[in-house]
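What follows is a single structure, written as structure tokens, with notes after it.
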Amino acid sequence: MRQVTLLLSAGLAAALVVRSPAPLDQVLLAADDSISDSDRPAPSWWGAAVGDDHIQALEGTFEGALEEAELAVTRILRDDDGGDGDHGKHGKHGKHGHHGHHGDPSKTIYELIKESKYTTKFAELVDEHDDIKDLLQSTETNRTLFVPTDRVFERIPDGHKKPPAEFIRAYLAYSIAPGRFPARRLFFKHTIPSELKLDDLGGHAQRIRVSASLIFGTHLNFFTKIVARDIEAKNGLIHAVDGLLLPPPPTDKIIQLLPDTFSTYSLALATTNLVEELPEVWTGATAFVPTNRAFARLGPRVNAFLFSDHGKKYLKALLKYGIVANQTLYSDAFYKAPVDDDDDDKRAQKADYWHVDLPSLLDDKPIAVDVRRWKGFVSIVANGYTRVAVQDVLGSDGVLQVTGTVLIPPHKRGHGEEGQEWEEEEEQDDDREWEVEELKARLDPYLEGFEETEKRRGDL
Ligand SMILES: *[C@@H]1O[C@H](CO)[C@@H](O)[C@H](O)[C@H]1NC(C)=O
Ligand SMILES: *[C@@H]1O[C@H](CO)[C@@H](O)[C@H](O)[C@H]1NC(C)=O
């Protein structure tokens, strides 16, 4: 008995002399447990380097997202009828994640991750990149760090060589957002900027996609979950995440690797040889990309026509009309020119309603885009009738706005004349089958001039 007492008090004494855990550790203790329970496949550096992990994460999200988008829209319409309703996805009380307001406001983000025993792997990587270390040390401006705990790195299979330093640097920069983004602020965001600036986006910041739900918590880029939030530092905030937040791959890669969603679009790109004639240098892009189901909705006759020799030029016109070069439109940001020319349009972030005409690759024929914001929801509608179903699928060279119907140019009135007018759509073009002649009639005015260009190029 006495021995037991001795042992107990020895244990107690030992407990007393053990230094109190680093501030970050208090929070990450619980967070780390939730990570080990995760049944997500382990990330791999190499898979990451070529974007495979990102693709894996996207797979299967579209069907769900399309349905969710429909639901959200229904809810908006219903609430618009005057009912107070619920607050949908963006409830007022952002009670998610495990913890909040820990940390140590006297220490920088860098100091906190350096002294925590749960973030040694990330801190090691940071130590290899002085510029990243400076970002996390600097107190000139606040930043937000999304840090994976060591357990995330342990799940990377053994035998994987470390990727090149440049890739790691990009990964680290992408894990940092300029500004303070506490969980309650993230809750109302759709995308936020990172410290990763890309030439392919005109020198603008690659963005991080945020989806917040009261039930499922806050996810970044569809699948990286915030497991501990709002850890205070002197120069910003830390959130712990359950995976590597990897910079997205190029948009063409995303399309190629998601055949369940985009195989018809891929086939259309191949059939029309469009990829060959796209400019080599882009400074961002917005592509309204229809899903396989969207093509199917046009009906079998129209599809057979579009993919035939006669129909090819119409198909090409449709594809070109869906692509905007050098301007990147997100649901809450707009990179309309390279960084040094002009910055992000502020209306894109805040206005309840704003309109922008984007010049398409089809001879700059405009896509008229309406962005409406309502209680944290955003709807993006092109030409008054084509709704973006999955917003902000980020790529390293632009953004995909995924549509559930094919974007078709509006009626063109008085074609061939100067000062053409654009007619407001009266009928609901969404979700109906088209007749071949009808589609040809709609597109023919757009093909004038276009055909000559094509002939000169020797494509027809
Ligand atoms: C960082 O954020 C804190 C808390 O909001 C604020 O008090 C401080 O002034 C900010 N620092 C800078 C440099 O903006
Ligand atoms: C996009 O920008 C690049 C580089 O500035 C330029 O070469 C290209 O012509 C532009 N493309 C369009 C369609 O404006």
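The values are calculated or read from the model by the stated rules, or taken from the named source; none is laboratory data. Bear in mind that the values here come from a model prediction, so they are computed numbers and not experimental data. Cβ placement follows ideal geometry from the backbone for every residue including glycine, while neighbour counts extend to all protein chains displayed. We work out accessible area using only protein heavy atoms, side chains counted, and drop any ligands, DNA or RNA first. Shrake-Rupley method; radii C 1.70, N 1.55, O 1.52, S 1.80 Å.
One table, with the values for the structure above:
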{"quantity": "Accessible area (Å², 1.4 Å probe, nearest 10) - ARG297", "calculated": "80"}
{"quantity": "Protection-proxy order for peptides 398-406, 287-295, each taking the mean of Cβ atoms within 10 Å per residue, highest first", "calculated": "398-406, 287-295"}
{"quantity": "Net lengthening on full extension, ASP363/THR141 (0.36 nm per residue, minus Cα-Cα)", "calculated": "75.6 nm"}
{"quantity": "Area accessible to solvent at TYR353, 1.4 Å probe radius, in Å²", "calculated": "110"}
{"quantity": "Order by protection proxy (mean Cβ within 10 Å, highest first), peptides 225-233, 122-130, 360-368", "calculated": "225-233, 360-368, 122-130"}
{"quantity": "Distant-in-sequence amide H partners of THR191 (H built 1.01 Å from N, under 5 Å)", "calculated": "VAL210, ASP332"}
{"quantity": "Whole-percent carbon and sulfur share, accessible surface of the range 162-213, 1.4 Å", "calculated": "53"}
{"quantity": "Neighbour-limited loop hits for GluC sites (Glu not before Pro), the range 132-227 (at most 12 other Cβ within 10 Å; DSSP other than H, G, I, E, B)", "calculated": "GLU140"}
{"quantity": "Cα centroid of the range 196-221 to Cα centroid of the range 236-261, whole Å", "calculated": "9"}
{"quantity": "For the range 158-272: accessible area per residue (Å², 1.4 Å)", "calculated": "36"}
